Amino acid sequence: MTAGLTQALMRAGHAVRWYTTALLGDRDYDRYVAHLARVHPGTAPVSERAYWRERHAEQDAHPGARCC
């Protein structure tokens with residue numbers, strides 16, 4: 001396999017990984033923590049477990065425009 005092909009396959013793999021993690025929300029907690037540090041410095045973030053519990057409770061209470 002040539003170096004160019006290997007690099008192209010690696011870029012494609014990274015793109016697929018980025019897309020699936022973004023689509024599934026895997027980075028949402030990290031973005032929440034970064035936002036809290038940037039906008040509300042000194043405020044301690046809730047635990048990741050509490051974050052997901054609150055997020056799912058909010059989505060269940062206000063489903064909006066989702067399919068299910």
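Considering segment 36-53, the residues that are open to solvent by less than 70 Å² (accessible area, probe 1.4 Å) and part of a helix (DSSP H, G or I) include one that is nearest to GLY25 (Cα to Cα), namely TRP52. Among the residues here, GLY25 qualifies as at positive phi and either surrounded by 10 or more Cβ atoms within 10 Å (Cβ to Cβ) or touching a residue at least 12 places away in the same chain (Cβ under 8 Å) (or both).
The values are calculated or read from the model by the stated rules, or taken from the named source; none is laboratory data. Note that the structure is predicted; figures quoted are calculated from it, not measured. Cβ: placed from backbone, ideal geometry, glycine included. Neighbour counts: every protein chain shown. Please note that ligands, DNA and RNA were not included when accessible areas were found on the heavy atoms of the full protein model with its side chains. Shrake-Rupley method; radii C 1.70, N 1.55, O 1.52, S 1.80 Å.
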